[in-house]
Amino acid sequence: MLAAQTVVGGREQEVQSQQSALATSQSQNASDIANLTSIDLVSSISFYELTQNSLQAAQMAFSQIQKMSLFNYLGS
């Protein structure tokens, strides 16, 4: 009888642990969905455009610097 109660108690704790993990997972999923759907579209597009322009400027500067050499500098 005592052994059966121990087994049942262990299983009950396991079920409670699984329920707790499931509730935490559901809460995290709901939070993730809220974060993904509540995006400020105008702000996101502005940030994207700013980042794209910055990358293009850096690329152009790099290509100009790459063309330079000591002989070009001394010749000017």
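Just to be sure, is Asp32 modelled with pLDDT under 90 and of a type in the set (Asp, Glu)? No; evaluated as a whole, the condition is false for this residue. Within the stretch 23-38, the set of residues being exposed (fewer than 10 other Cβ atoms within 10 Å of the Cβ) and assigned to a helix (DSSP H, G or I) comprises Ala34, Asn35, Leu36, Thr37.
Please verify whether the stretch 39-47 includes one or more residues that are of a type in the set (Asp, Glu), without any contact (Cβ under 8 Å) to a residue 12 or more places away in the chain and surrounded by 10 or more Cβ atoms within 10 Å (Cβ to Cβ). No, the stretch 39-47 contains no residue that is of a type in the set (Asp, Glu), without any contact (Cβ under 8 Å) to a residue 12 or more places away in the chain and surrounded by 10 or more Cβ atoms within 10 Å (Cβ to Cβ).
Exactly one residue out of Ser44, Ser20 is under 20 Å from the mean Cα position of the chain (by Cα) and assigned to a helix (DSSP H, G or I): that is Ser44.
The values are calculated or read from the model by the stated rules, or taken from the named source; none is laboratory data. Source: prediction; values computed, not measured. So basically every Cβ, Gly included, is an ideal-geometry build from the backbone, and we count neighbours across all protein chains shown.
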